[in-house]
Structure formats: structure tokens, C-alpha cells
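The next block holds one structure in the form of C-alpha cells; read it before the comments.
What follows is calculated from the coordinates using simple rules that are stated; it is not laboratory data. None of the values given here were measured: they were computed from a predicted structure. Cβ coordinates were reconstructed from backbone atoms using ideal geometry, including for glycine residues, and neighbour counts include every protein chain displayed.
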Amino acid sequence: MPIRDDYILRMLDQVGDAIARVLTGRSPGAEQMAEQELASAYQELTGSGRALVARLSSEQLLAILGAPAGFNRERGYVLARLLEADATLIERGAAAGANAEDDGAGASAAASARLKALDLYLEATRAGLDEEDLGERIAGLRDALAELHLPEASHWRIFDYVVGKGHYAAAEDLLFESLGRFGGDRAVAERGRAFYRALDALPDADLTAGALPRPEVVEGRAAFEAALERSPRAETR
């Protein structure tokens, strides 16, 4: 369901003003004012300053917001919006620097902020948040981070999200990607087998709509099991 909490909606208004300054402000002091507003919003949402949030990992931020069982999806969504705006500010600051070292550090910090935003959006979606722009924001962040090898936890969040959207062929691609990146350990094996069991229970029409008709499910399962056997990290079942 979409956001209904009045406090969170007020926070979104504040964040929206700051983001507008980040994206369009060219007047003297506009970006400095935006940074101040973002810093204030970080403090309200997490109880931590902007600099500390930058040092925290996705998993630490998710824990602050109560993940997994009691995740505050509304606060997670707003924090993700903040992180997206922060990434833009970081890049602009780096671009204004005088050397390539600034550009490199800025790109790394911006990518880190976008990864955290992606994880927060994915967790908010898993927790049932249904804001209209969530799908577009997730897609945009995935595109922005496409050249990076995402952490394993982020990879599986994307996998679960894609499965939930009914994009079964794309989910299978992610599953096989996990074999190449993480090996055939117990976690990969269990997730893969659960995925194919879930597909077995679906109507043919749903599988076809997800670009993975039933004969391809059978072929995919066989290929997955064969790949598990070849993997140096495969475990005895």
C-alpha cells in the first residue's frame, strides 16, 4: 500500500524541496542549502548525521529501520530518496574538483549511496510499500549500477523482486549469474530449487507471461542441477 503516515508525507515534502534544489538550483548557495536540508532529514529519519549514514552499509541501515521483521518501509523509502539526491550532490562536487582523484572518489561515494538506495527500495517493496514510482526508481538504480558487481545480499534482493514481478526468465538469468559469482553453495542450491518448485505450481499461462514456458522450466532446472554438480563449492545433498 502507498504511504499514508502524515509525518512521513511531511518528510517527503521536505526531501522533495531539497532534491529540487539539487537538480535545478544554480543560484548562489542553492546546493549548500540543499545539503543542509538533507543533513537535517538524515538526522530525523535515522538519528544519525549525514556523514555517519555515508559510512554505514546497506545492512546496517536496514537494521536501524527494523529489517527484516519490523522494517519501517515508509522511512526506508524516504531515506532512499535522500541517498539518491546525495549521490547527485556528490557527483557534482567531484565534477567541480580539480583532479581525477576527486572524480574517482566521488564516483565511488555516489555508487555507494545509490546501492543503499536500491537496497532500501527493494526492502520497502518486499514489505508491501506500493508507491507509484518505486518500479521506475528501482529500474533506474539498477541501470546506474549495472557495471558493478553487487553484494550477494543485494543480488538476492533483486532476484526476489524480479520473481515477485513475475519476470521468471529474468529471474532465472539472475539465478545462473549467482552460480557464476557465488558458486554452488547451500544457499544458492536452496534458492534455486525453491524457485523451480514455485514455478512448478504456477499455471502455464503465468509461466508464458513471464517468458519462461514450462518446457524451458524443465530445461532450466536440469541445467541448474548440472551446474551445481560442476561447481567447486557444491555441497553433498
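Residues of region 145-165 with an amide N closer than 16 Å to a point placed 7 Å from the Cα of Ala211 along the Cα-to-Cβ direction: 159-165.
How much length, in nm to one decimal, is gained on full extension between Ala51 and Glu177, taken as 0.36 nm per residue of separation minus their Cα-Cα distance?
42.0 nm
Binning all Cα-Cα separations of region 114-237 at 10 Å, short to long from zero, yields these whole-percent fractions: 12, 41, 35, 12, 0. Modelled label positions at Ala63 and Gln32, each set 7 Å beyond Cα in the direction of Cβ, lie 3.7 nm from each other.
Which of Tyr161, Tyr121 comes first, and how do the rest follow, when ranked by fewest Cβ neighbours within 10 Å? Mind showing how you got there, number by number?
Numbers: Tyr161 22, Tyr121 29.
Going from sparsest to densest Cβ surroundings: Tyr161, Tyr121.
Sort Val163, Val218 so the one with the fewest other Cβ atoms within 10 Å of its own Cβ comes first. Intermediate results must be reported in sequence, preceding the final value.
Numbers: Val163 21, Val218 13.
Listing Val163, Val218 from fewest to most nearby Cβ atoms yields Val218, Val163.
With Cα atoms defining each centre, region 127-164 and region 182-206 are spaced 19 Å apart in the structure.
Loop-only check: which GluC sites (Glu not before Pro) in region 109-216 are DSSP coil with at most 16 other Cβ within 10 angstrom?
On the way: sites: Glu123, Glu131, Glu132, Glu136, Glu147, Glu152, Glu172, Glu177, Glu190, Glu216; in loops: Glu131, Glu132, Glu147.
Hits after loop and neighbour filter: Glu132, Glu147.
Fewest-first ordering of His149, His167 by other beta carbons within 10 Å of each residue's beta carbon gives His149, His167. In the neighborhood of Arg126, defined by Cβ-to-Cβ distances under 10 Å, what is the net charge if each Lys or Arg adds +1 and each Asp or Glu adds -1? Once all neighbours under 10 Å are counted, the net charge is 0.
Taking 7 Å steps out from each Cα toward its Cβ at Ala223 and Arg126 produces label points 2.6 nm apart.
Give, as a single signed number, the net charge of other residues whose beta carbon lies under 14 Å from the beta carbon of Gly166, with Lys and Arg counted +1 and Asp and Glu -1. Display every interim value, and only then the final one.
Numbers: positive: Lys165; negative: Asp160, Glu172, Asp204, Asp206.
Its environment carries a net charge of -3.
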